[in-house]
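Report on the structure given below.
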Amino acid sequence: MRQEEPPVPGQSRSEHRDRDSHRQGGRHGRRREEGHGGREGGKMAQTFRRGRALSFLDNLVVKRETLKKQVNDPDLQAIRDVVSGELKAVDQIIQEYIQAFELYDTRQSQDGQQ
């Protein structure tokens, strides 16, 4: 059990409680009350992370397209099997990435319904 400190001379009992409650809430308690952080701040961070995930997915798609071109390139027929294996691996990574980060393209689902 916490023992209450005696009031400082010249300080009323309510001032002592206000000062004590400030210690408990601190800056962080006040920020939550003012709307800084909490759901609003988390939503912005989530949107930022989703944007970065989509950007990385775009890079994977570019790599996939490059590998597709290389598979069909007559100059690279000697390593066609290797490039084909890399293409399959990148396809798998893309699918796993989309599923892990829930980056489903809503355009695809709408096209399938029409």
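The values are calculated or read from the model by the stated rules, or taken from the named source; none is laboratory data. Predicted, not measured: the structure shown is a model, and the values here were computed from it. Each accessible area value is taken on the protein alone, full model and side chains, heavy atoms only, with ligands, DNA and RNA left out. Shrake-Rupley method; radii C 1.70, N 1.55, O 1.52, S 1.80 Å.
Worth a mention:
- Restricting the range 57-73 to residues that are open to solvent by 100 Å² or more (accessible area, probe 1.4 Å) and not polar (S, T, N, Q), the residue that is farthest from the chain's Cα centre (by Cα) is K69.
- The range 38-89: number of residues that are farther than 16 Å from F101 by Cα and among the basic types (K, R): 7
- Residue match in the range 49-61 (condition: in a helix (DSSP H, G or I), at pLDDT 95 or above and of a type in the set (D, E, K, R)): yes
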